[in-house]
1. Quick one: order SER377, SER589 by neighbouring beta-carbon count within 10 Å, fewest to most.
2. Given a cut-off of under 8 Å on Cα pairs at least six residues apart, what relative contact order in percent is computed for the range 123-195?
3. Can you tell me the orientation of helix 89-101 relative to the chain, as the angle in degrees between its alpha-carbon axis and the longest Cα principal axis, to the nearest 10?
4. When you count, for each residue, the other Cβ atoms within 10 Å and take the mean per peptide, how do 575-584, 120-129 rank with the highest first?
5. Nearest 20 debye, what's the magnitude of the dipole of the range 65-173 about its Cα centre given +1 on Lys and Arg Cβ and -1 on Asp and Glu Cβ?
6. What shape does the range 550-648 take by its C-alpha gyration tensor, where a ≥ b ≥ c are the square roots of the eigenvalues and a/c under 1.5 counts as rounded, a/b above b/c as prolate, and the rest as oblate?
7. In degrees between 0 and 90, to the nearest 10, how far off the longest principal axis of the chain does helix 549-563 point, with axes built from Cα atoms?
8. Rank the residues VAL327, VAL156, VAL269 as a footprinting-exposure proxy: fewest other Cβ atoms within 10 Å of their Cβ go first.
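None of the figures in this text is laboratory data; all of them are computed from the coordinates on show. Given the structure is predicted, the values throughout are model-derived calculations rather than measurements. When we count neighbours, we look across all protein chains shown, and the Cβ atoms used for this are built from the backbone with ideal geometry, even at glycine.
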Amino acid sequence: MQKAILLSLLFGSVLPANAQSFKKAERAASNIEYEKSIEEYKKILQKDSNNYQANYELGSLLCQYVNNPAQAGPYLLKAEKQSKKDTASEIIYHLAQYYQAVAQYPQATAYYKRTLNLITEDEAGAKLKNSINRNIESCTYAQNNPISEKGKKINVSNVGKGVNGLYPDYVPVPAGNDSTLFFTSRRKTNAKTGVDNKDGNYFEDMFVSVKKDGKYQEAQPFPGTDKKLKNISNIDKDHEAVIGISYDGSKFYTYQKNKIYESDMQSGVWTAPKELSDIDLNVYQNHVTTTKDGKTMYFSAEQAVGNTKLDIYKAEKQADGSWGKAVSLSSDINTTEDENSPLISEDGKTLYFASTGHSGYGGYDFFKTTLENGTWSSPVNMGMPFNSSGDDVYLTLNASETKGFMSSSRAGGYGDMDVYEITYKRKPFEDYKIDPQNRIAFSAPDTVYVGEEVTFAIKETTVPLQKISQINWLVNNTILDSSNNRKINQNFTKAGTYNIKVEAQNASSGDFYGYEKNVVVIEKPSHLATNTFGLTPLYFAFDKSRLNTEAYHTLEKNIQILQAHPDAIIEIAAYCDARGSIAYNQILSEKRAKAVVRALKKKGFDVKRVKQVQWFGKKDPVNKCNDGVPCTEEEYKLNRRAEFRLSK
């Protein structure tokens, strides 16, 4: 990802390392065996922790070639203590990078300024001065733009050693609700893995990791054991990278031979990659994103042959299925520096991308722009923790910007570029809202007796249960300990009205959907004081005798209880609320009682076990709602009931 700057050409030669004990470390580093080189240096430091040359060379290796100045810092600081002022120019420069990586911006700025005084006056020195001045600007930007309150709730965490290592690991492409992670790595895949002479690093290869027990397992090079990938593989002496997947998961994009390739999902298997040859740029193309409808593609590519700077382009799908002319986005987005890894939001209104040309915290930063009246707005830096002083690039993100993946060379990683997961540190029921689309719901009785256990259970609406990643329950503003369960059991010890809330997170989008219902808890009437095995009344709509959906659910639950007690004999008693005449309510309660018996029979229950069916009109209300007493609809509803009484 990051090209090494050969500082020795700018500052002059480094201290010689003629001792025999350093040869293994130096030889390993020259062969790109950085793990072995680091191990050899650490062996030297175990014997002599203050060895100047070992600290100096190990720090330089970690900073310059492994691209991890945060790990290099402790070794460079030891070397600095033993060197004369400003005699080891690389140490000063690398320590500036270290302080910037660990967010000690004043120190970083001071060391960068010291470095400026040591650079040779030639073309290479001028380029380095320009780079250092940009780093100083980034330090100033970081000091003036601390993390926001929203940013404090965003958690960016390393996905672990199953995916990440010492070499660059980047371009995370999640699939299957994040159960599978495709990514690109520049590690040595096998003995035949070639080296790119342009930057001295291993060629890119494609890898896959599967999540198990919440962790991504040891990654495998394509195709690994994934049968869906059997038609996609790596080539030992060339670059292959995963670069994107369509929103519906039907198209998978890879990078080969400097071009974009496309695979289709057919019969559960990805087809062999096919070059998108109609994209009319004959230059380097390295990342792609498509709109949800598949009609617009955004990708990054070099501006022209021989120009190593990246810009973001757009192409439209034509009527015949081919891609039209690629058009560079406006100069508000594309700068004279690099713009890379575009991501178009699911609604097509927000474009995310990484840039080294816009003001930021250092290296690549993430920016976003929104489509307003057909024009993209001025890009906005996404702030910390999306961005850091390292390279932050290759973003996947949901609509609420609370869930996704990214690549970063920030402090705390295993080596160079690592893959990170983005989650939202949200407290249960924080910003809770009832979902107007009713994408989640739960079943619950309207009335519960004091002391009897009741079950609240999530039921499917438009979001399948397997796509739910987090469930939280709330009873009268008290969060239950059984968080993340699809059903909970609750025993109410006092009468009253209880508000039950549930929120469930969509595993794909990260959004939370809310649903709530009031449940009335009453003392059990004296005529029901005997054990009823948990049989509960079912309730009717006003002036109705047909069972509604909720009543049928209660009926089915009662049938399950009675099937568990095959010797139980029951009675059915139906009632009405206080509104209406005595005669009318008597007839209505009769219809309700008989409707319950018919429903039992329809559900396959042996109605011979119903000893008696009774109807009492508006007698025996369970609450204050007698004639002439004003009540709420919720209170009236409690009396429009059919009770299941245990007879034997």
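1. Fewest-to-most Cβ neighbours within 10 Å comes out as SER377, SER589.
2. Numbers: 29 pairs, mean separation 12.8, N = 73.
Here the relative contact order equals 17 percent.
3. For 89-101 against the chain, the angle is about 10 degrees.
4. Those peptides, ordered most packed to least, come out 575-584, 120-129.
5. Dipole of the range 65-173, to the nearest 20 debye: 400 debye.
6. In terms of gyration-tensor shape, prolate.
7. For helix 549-563, the angle is close to 80 degrees.
8. In increasing order of surrounding Cβ atoms, one gets VAL327, VAL269, VAL156.
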